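Structure record follows, encoded as structure tokens.
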Amino acid sequence: MDLQTQALHAGYEKDSQGTMAVPIYMSTAYEFRDVEHAANLFALKELGNIYTRLNNPTTDVFEKRFAALEGGVAALATSSGMSAIFFAIINAAEAGDNIVCAKQLYGGSLTLNAHTLKRFGIEARFFDVQNPSEIESLIDEKTKVIFFESLTNPSIDVADIEAIATIANRHGILTVVDNTVATPVLCRPLEHGIDITVHSASKYTTGQGLAIGGILVERNNLVEKLKNNTRYAHFNEPDPSYHGLVYIDVPLPPYTLRARLALLRDLGAVSSPFNSWLFIQGLETLPLRIKEHSKNALALAEFLESHPKVLKVNYPGLKSNQNYKNAQKYFMDGNASGLLSFEVASLEEATKIVNATKLYSLVVNIGDSKSIITHPASTTHQQLSSEELQACGVPAGLIRISCGLESAHDLIVDMKQALEV
Ligand code: PLP
């Protein structure tokens with residue numbers, strides 16, 4: 001089935017009422033038929049609902065639909081994009097291990113990797129996403145994950161996904177890609193050799209800035225990479241916290257299984273059924289919206305590129321952009337997302353422009369149907385030192401735009417007057 005058809009139908013079979021919209025199952029727990037049924041569910045001899053911290057019928061549709069769109073085999077919804085990233089990493093790494101990750105990341109992911117994981121005993125080693133050859137020298141026998149964004153926020157680089165996957169596969173290391181900005185409509189990293197993708201569902205998935213959520217998607221046949229792989233002994237040995245379960249012996253996608261049975265069980269960062277329902281509504285129109293977001297962003301990027309006050313425009317849909325080749329290779333039909341950033345001479349100049357726009361809301365979010373303007377150095381990336389800001393491509397005069405679904409003409413007119421104030 002085509003992606004736009006899957007966005008409307010995958011993962012849902014109508015109930016006996018013939019309900020067209022996926023029902024919201026607001027329930028904490030589910031009645032077992034008898035004691036044997038309960039025991040079978042806990043022992044995975046039978047699959048079914050137990051308790052909403054572990055699974056929920058509405059969230060199940062969201063997970064199945066998202067996995068289908070991403071070309072994956074299974075998915076796990078979480079309470080936020082950050083918890084999806086945290087789960088994806090700690091499902092592989094523990095104290096004493098390290099991860100290799102791109103320098104160009106969303107600010108929250110940078111602080112998670114560089115600071116919070118450090119307190120858990122996991123070291124983050126950084127490479128330039130524009131230069132995957134740096135990865136090899138950072139890897140050792142304790143490297144458990146290579147992590148990067150397919151389309152980086154806010155520096156707007158497009159990763160050479162296959163080059164990075166090839167290096168990781170040579171060493172039997174898991175790759176985790178944050179595909180939030182590209183979405184499965186533009187890019188399907190699992191088809192380019194990636195093992196796990198993560199998303200902030202708070203962005204383009206909901207599409208209207210309605211709810212916080214995240215999701216982790218596993219590729220087909222990951223068991224082959226995990227089986228007898230000494231880096232991932234915990235998938236091959238009995239888990240004492242789950243009465244000796246060996247994850248790779250269960251005929252279910254092992255990465256998602258362990259993330260659900262061990263991490264979601266113990267950490268509880270679960271998606272609310274209502275939020276899962278909102279994400280399902282959002283997915284129905286995702287393919288249509290992403291095309292419009294991309295069209296508007298290209299028109300605005302072309303305008304900005306021609307403006308004398310603008311030093312640089314970061315948008316991979318522009319032929320002049322260093323990421324154009326990768327965007328053509330990895331993104332659908334040359335669309336390049338709704339996200340762009342541009343640089344002006346100084347912090348003062350950037351502040352003046354941000355304050356002068358009328359149609360763009362000053363908000364730290366992306367992927368809303370309404371256009372958003374952000375000054376990363378004073379907001380999303382404020383907690384980074386000036387060296388860290390430089391390293392992840394966030395100069396003081398950088399302005400990020402998340403192009404909404406207004407008319408391109410109105411977006412350009414408003415930006416023009418703001419640049420000329
Ligand atoms: N990944 C990217 C690329 C993001 O832009 C964000 C948030 O801005 C996140 C992850 C974190 O997602 P959430 O805010 O849903 O926790």
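What to note about this one:
- Mean Cβ neighbour count within 10 Å, used as a protection proxy, ranking 165-173, 60-68, 324-332 highest first: 60-68, 324-332, 165-173
- Karplus 3J(HN,Hα) series, Hz, for region 286-300 with 6.51 cos²θ - 1.76 cosθ + 1.60 (x for Gly, Pro): 3, x, 5, 5, 4, 5, 5, 4, 5, 4, 5, 5, 5, 4, 5
- The protection proxy used here, the mean number of other Cβ atoms lying within 10 Å of each residue, ranks peptides 209-217, 123-131 as follows, highest first: 209-217, 123-131.
- Model label points for Q281 and N228, set 7 angstrom from Cα along the Cα-to-Cβ axis, are 5.1 nm apart.
- Shape call, region 3-274: gyration tensor on alpha carbons, a/c limit 1.5: oblate
- Alpha-carbon centroids, region 355-421 and region 10-82: separation in whole Å: 38 Å
- Working ranking of peptides 90-99, 75-84, 289-298 by packing, defined as the average number of other Cβ atoms within 10 Å per residue, highest first, is 75-84, 289-298, 90-99.
- Angle of helix 408-419 to the longest C-alpha principal axis of the chain, folded into 0 to 90 degrees and rounded to 10: 60°.
- Pairs from K64/K325; K291/K358; K203/K295; K319/K416; K142/K225 whose Cα-Cα separation, in the structure shown, is over 26 Å: K64/K325
- For the chain, calculated [θ]222 nm from helices alone, where every DSSP H run of n ≥ 4 adds -39500 (n - 2.57): -9500 deg cm²/dmol
- Region 149-164 and region 216-234 have Cα centres spaced 23 Å apart.
- Length added when fully stretched, D128-E305, from 0.36 nm per residue minus Cα-Cα: 61.2 nm
- Global form of region 8-85, assessed from the alpha-carbon gyration tensor, a/c cut-off 1.5: oblate
- Taking Cα atoms only, the orientation of helix 81-90 departs from the longest principal axis of the chain by about 50 degrees.
- Residues whose amide H comes within less than 5 Å of that of N98, counting only those at least five positions distant or on another chain, are E123, T143, K144 (H built at 1.01 Å from N in the peptide plane).
No value in this document is a laboratory result; all are computed from the given coordinates. Computed from a predicted model, the values in this text were never measured in an experiment. Backbone-built Cβ (ideal geometry, glycine too); neighbour counts: all protein chains shown.
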